[in-house]
Amino acid sequence: PEEVFGEAWTPVVTDGSGRDRAPLRRAVELLRAAGWERRDGGLFNAAGEQLTLEFLYAQPTWERVLQPYANRLGLLGIPVSLRMVESAQYQSRLNTFDFEMTTRRYAFAPTPGESIREFWTSQSAAIDGSFNIAGIANPAIDALTETLINAPSRDEMVVAARALDRVLRAGHYSVPQWYNKQHNIAYWDRFGIPEMKPKYFFPVETTWWSKA
(Lines give C-alpha, C1' and ligand atoms only; values in the text may rest on other atoms or scores of the structure.)
Protein backbone atom coordinates (compact mmCIF):
# COMPACT_ATOMS: atom_id res chain seq x y z
CA PRO A 1 0.00 0.00 0.00
CA GLU A 2 2.84 2.42 0.75
CA GLU A 3 4.16 2.01 -2.81
CA VAL A 4 0.73 2.68 -4.30
CA PHE A 5 -0.48 5.52 -2.11
CA GLY A 6 2.71 7.04 -0.73
CA GLU A 7 3.58 7.45 2.93
CA ALA A 8 1.90 4.99 5.27
CA TRP A 9 -0.64 6.35 7.72
CA THR A 10 -0.66 5.26 11.36
CA PRO A 11 -4.17 5.19 12.86
CA VAL A 12 -4.89 6.71 16.26
CA VAL A 13 -6.84 4.64 18.77
CA THR A 14 -9.45 6.68 20.65
CA ASP A 15 -10.95 6.14 24.09
CA GLY A 16 -14.48 6.19 22.63
CA SER A 17 -15.58 9.18 24.70
CA GLY A 18 -15.92 11.59 21.79
CA ARG A 19 -13.67 14.03 23.66
CA ASP A 20 -10.28 12.41 23.00
CA ARG A 21 -7.83 15.10 21.84
CA ALA A 22 -5.19 12.76 20.38
CA PRO A 23 -7.16 12.02 17.17
CA LEU A 24 -7.88 15.72 16.71
CA ARG A 25 -4.19 16.57 16.96
CA ARG A 26 -3.37 13.86 14.44
CA ALA A 27 -6.10 15.11 12.11
CA VAL A 28 -4.71 18.64 12.30
CA GLU A 29 -1.26 17.32 11.35
CA LEU A 30 -2.65 15.44 8.35
CA LEU A 31 -4.70 18.42 7.17
CA ARG A 32 -1.73 20.74 7.50
CA ALA A 33 0.44 18.29 5.53
CA ALA A 34 -2.24 18.27 2.82
CA GLY A 35 -2.05 22.06 2.54
CA TRP A 36 -4.95 23.17 4.75
CA GLU A 37 -4.21 25.96 7.21
CA ARG A 38 -6.53 27.14 9.94
CA ARG A 39 -7.49 30.80 10.07
CA ASP A 40 -10.60 32.78 10.93
CA GLY A 41 -12.09 29.67 12.50
CA GLY A 42 -11.91 27.60 9.30
CA LEU A 43 -9.52 25.61 7.11
CA PHE A 44 -8.27 27.17 3.87
CA ASN A 45 -5.93 25.99 1.12
CA ALA A 46 -3.37 28.02 -0.80
CA ALA A 47 -6.06 29.16 -3.26
CA GLY A 48 -8.13 30.61 -0.41
CA GLU A 49 -10.83 27.94 -0.67
CA GLN A 50 -12.49 26.88 2.58
CA LEU A 51 -12.91 23.21 3.43
CA THR A 52 -16.59 22.41 4.01
CA LEU A 53 -18.57 19.17 3.91
CA GLU A 54 -22.17 18.13 3.28
CA PHE A 55 -23.60 14.79 4.39
CA LEU A 56 -26.40 13.56 2.15
CA TYR A 57 -28.94 11.14 3.63
CA ALA A 58 -32.60 10.18 3.29
CA GLN A 59 -33.70 8.90 6.70
CA PRO A 60 -33.80 10.89 9.96
CA THR A 61 -32.45 7.88 11.89
CA TRP A 62 -29.02 8.63 10.41
CA GLU A 63 -28.78 11.92 12.32
CA ARG A 64 -27.74 10.21 15.57
CA VAL A 65 -24.86 8.59 13.66
CA LEU A 66 -23.79 11.59 11.60
CA GLN A 67 -24.16 14.37 14.18
CA PRO A 68 -21.31 13.24 16.50
CA TYR A 69 -18.98 12.97 13.51
CA ALA A 70 -20.08 16.38 12.27
CA ASN A 71 -19.41 17.83 15.72
CA ARG A 72 -15.86 16.45 15.72
CA LEU A 73 -15.19 17.86 12.26
CA GLY A 74 -16.48 21.20 13.50
CA LEU A 75 -13.81 21.18 16.19
CA LEU A 76 -11.23 20.94 13.41
CA GLY A 77 -12.69 24.01 11.71
CA ILE A 78 -14.66 22.11 9.06
CA PRO A 79 -18.28 23.35 8.80
CA VAL A 80 -20.59 20.39 8.20
CA SER A 81 -24.17 20.50 6.97
CA LEU A 82 -26.51 17.52 7.31
CA ARG A 83 -28.81 17.50 4.29
CA MET A 84 -31.77 15.13 4.35
CA VAL A 85 -33.66 14.73 1.08
CA GLU A 86 -36.58 12.52 0.08
CA SER A 87 -35.70 9.03 -1.16
CA ALA A 88 -36.19 9.64 -4.91
CA GLN A 89 -33.90 12.68 -4.89
CA TYR A 90 -31.40 10.82 -2.74
CA GLN A 91 -31.20 7.94 -5.21
CA SER A 92 -31.00 10.32 -8.16
CA ARG A 93 -28.07 12.18 -6.60
CA LEU A 94 -26.30 8.91 -5.80
CA ASN A 95 -26.77 7.71 -9.36
CA THR A 96 -25.08 10.84 -10.74
CA PHE A 97 -22.48 11.14 -7.94
CA ASP A 98 -23.98 14.50 -6.95
CA PHE A 99 -22.91 14.49 -3.30
CA GLU A 100 -19.89 15.08 -1.11
CA MET A 101 -20.37 12.36 1.52
CA THR A 102 -23.04 9.81 2.28
CA THR A 103 -23.57 6.52 4.08
CA ARG A 104 -23.71 3.08 2.54
CA ARG A 105 -23.85 -0.50 3.78
CA TYR A 106 -22.21 -3.20 1.71
CA ALA A 107 -22.80 -6.95 2.00
CA PHE A 108 -20.90 -9.51 -0.05
CA ALA A 109 -21.16 -13.24 -0.60
CA PRO A 110 -18.65 -15.53 1.17
CA THR A 111 -17.06 -16.20 -2.22
CA PRO A 112 -16.54 -12.99 -4.26
CA GLY A 113 -17.67 -13.12 -7.86
CA GLU A 114 -17.60 -10.94 -10.96
CA SER A 115 -20.12 -8.55 -9.41
CA ILE A 116 -17.39 -7.02 -7.22
CA ARG A 117 -16.17 -5.11 -10.29
CA GLU A 118 -19.18 -2.84 -9.75
CA PHE A 119 -17.94 -1.59 -6.39
CA TRP A 120 -14.41 -0.20 -6.87
CA THR A 121 -12.97 -0.58 -10.38
CA SER A 122 -12.13 2.20 -12.82
CA GLN A 123 -14.77 0.89 -15.23
CA SER A 124 -17.58 1.22 -12.68
CA ALA A 125 -16.40 4.69 -11.60
CA ALA A 126 -17.46 6.04 -14.99
CA ILE A 127 -20.97 4.52 -14.97
CA ASP A 128 -23.89 6.46 -13.51
CA GLY A 129 -25.79 4.39 -10.96
CA SER A 130 -22.93 2.02 -10.19
CA PHE A 131 -22.13 0.86 -6.68
CA ASN A 132 -18.74 2.59 -6.89
CA ILE A 133 -20.08 5.74 -5.25
CA ALA A 134 -16.61 6.73 -4.04
CA GLY A 135 -15.45 7.00 -7.66
CA ILE A 136 -12.47 4.71 -7.06
CA ALA A 137 -10.32 4.47 -10.18
CA ASN A 138 -6.94 2.94 -9.39
CA PRO A 139 -4.97 0.55 -11.65
CA ALA A 140 -3.64 -1.42 -8.69
CA ILE A 141 -7.19 -2.03 -7.42
CA ASP A 142 -8.33 -3.00 -10.93
CA ALA A 143 -5.52 -5.55 -11.19
CA LEU A 144 -6.15 -7.03 -7.76
CA THR A 145 -9.86 -7.31 -8.50
CA GLU A 146 -9.17 -9.32 -11.64
CA THR A 147 -6.64 -11.49 -9.81
CA LEU A 148 -9.26 -12.22 -7.16
CA ILE A 149 -12.01 -13.06 -9.64
CA ASN A 150 -9.77 -15.31 -11.75
CA ALA A 151 -7.90 -17.04 -8.91
CA PRO A 152 -7.45 -20.74 -9.79
CA SER A 153 -7.81 -21.94 -6.20
CA ARG A 154 -9.53 -20.96 -2.96
CA ASP A 155 -6.22 -20.28 -1.22
CA GLU A 156 -5.05 -17.95 -3.98
CA MET A 157 -8.42 -16.20 -3.93
CA VAL A 158 -8.09 -15.57 -0.18
CA VAL A 159 -4.59 -14.12 -0.64
CA ALA A 160 -5.82 -11.82 -3.42
CA ALA A 161 -8.85 -10.77 -1.39
CA ARG A 162 -6.72 -9.81 1.60
CA ALA A 163 -4.32 -7.86 -0.60
CA LEU A 164 -7.25 -6.02 -2.20
CA ASP A 165 -8.69 -5.26 1.23
CA ARG A 166 -5.39 -3.73 2.37
CA VAL A 167 -5.11 -1.50 -0.69
CA LEU A 168 -8.73 -0.35 -0.41
CA ARG A 169 -8.24 0.55 3.26
CA ALA A 170 -4.98 2.33 2.47
CA GLY A 171 -6.86 4.58 0.05
CA HIS A 172 -9.15 5.90 2.85
CA TYR A 173 -12.15 5.97 0.54
CA SER A 174 -14.55 5.47 3.44
CA VAL A 175 -14.92 6.11 7.16
CA PRO A 176 -16.06 2.96 9.01
CA GLN A 177 -19.02 3.63 11.29
CA TRP A 178 -19.67 0.42 13.22
CA TYR A 179 -19.39 -3.35 13.04
CA ASN A 180 -20.93 -6.21 14.99
CA LYS A 181 -19.77 -9.76 14.33
CA GLN A 182 -22.91 -11.19 15.97
CA HIS A 183 -26.60 -11.17 15.11
CA ASN A 184 -28.99 -10.88 18.03
CA ILE A 185 -32.32 -12.62 17.50
CA ALA A 186 -35.27 -13.70 19.65
CA TYR A 187 -37.16 -16.93 19.05
CA TRP A 188 -39.71 -19.07 20.85
CA ASP A 189 -38.07 -21.67 23.10
CA ARG A 190 -40.33 -24.40 21.78
CA PHE A 191 -38.11 -24.56 18.70
CA GLY A 192 -34.78 -26.35 18.51
CA ILE A 193 -31.81 -25.32 16.38
CA PRO A 194 -28.53 -27.12 15.54
CA GLU A 195 -25.57 -26.79 17.92
CA MET A 196 -23.29 -26.02 14.96
CA LYS A 197 -24.59 -22.77 13.50
CA PRO A 198 -24.18 -21.70 9.86
CA LYS A 199 -21.50 -19.03 9.43
CA TYR A 200 -23.44 -16.53 7.36
CA PHE A 201 -27.15 -17.14 7.99
CA PHE A 202 -29.56 -17.17 10.92
CA PRO A 203 -30.07 -20.71 12.27
CA VAL A 204 -33.84 -20.14 12.45
CA GLU A 205 -33.86 -19.38 8.73
CA THR A 206 -32.07 -22.58 7.75
CA THR A 207 -32.83 -25.52 10.09
CA TRP A 208 -35.21 -25.69 13.05
CA TRP A 209 -37.76 -28.05 14.55
CA SER A 210 -40.53 -28.06 17.11
CA LYS A 211 -39.69 -29.53 20.50
CA ALA A 212 -43.36 -29.72 21.54
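The values are calculated or read from the model by the stated rules, or taken from the named source; none is laboratory data. Just so we're clear, the structure is a prediction, and the values are computed from it rather than from any experiment. Because the Cβ atoms are built from the backbone with ideal geometry, glycine has one as well, and the counts that use them run over all protein chains shown. In case anyone asks, the SASA skips ligands and DNA or RNA and just uses the protein heavy atoms, side chains included. Shrake-Rupley method; radii C 1.70, N 1.55, O 1.52, S 1.80 Å.
Packing-based ranking of 101-109, 116-124 yields 116-124, 101-109, ordered from highest to lowest mean Cβ neighbour count within 10 Å. At q = 0.08, 0.11 Å⁻¹, what is the base-10 log of I(q)/I(0) for the chain according to the Debye formula with one equal point scatterer per Cα and no solvent? Please give it to two decimals. Treating every Cα as an identical point scatterer, log10 I(q)/I(0) equals -0.42, -0.77. Restricting the calculation to Cα atoms, every distinct pair contributes to the Kirkwood radius of region 133-212, found to be 16.4 Å. Here the contact order of the chain, divided by its residue count and restricted to Cα pairs under 8 Å and six or more residues apart, works out to 13 percent. Annotation: amide H of F191 within the under-5 Å range of K211, sequence separation 5 or more or interchain, hydrogens built in the peptide plane.
Helical runs assigned H by DSSP (4 residues or longer) give the chain a calculated mean residue ellipticity at 222 nm of -10500 deg cm²/dmol, each run adding -39500 (n - 2.57) before division by the residue total. For the chain, the longest principal axis of the Cα atoms and the long axis of helix 154-170 meet at an angle of about 30 degrees. Were the residues from T111 through D98 laid out at 0.36 nm apart, the gain over their Cα-Cα distance would be 1.5 nm. Probing with 1.4 Å while keeping every protein chain in the model, the per residue accessible area of region 27-181 equals 63 Å². The convex hull of the Cα atoms of region 63-116, projected and averaged over all directions, covers 5.7 nm². Helix 63-75 versus the longest principal axis of the chain: what is the Cα-based angle in degrees, 0 to 90, to the nearest 10? Long axis of 63-75 versus the principal axis of the chain: about 30 degrees. Here the accessible area of region 59-135 is 52 percent carbon and sulfur, with a 1.4 angstrom probe and all protein chains present.
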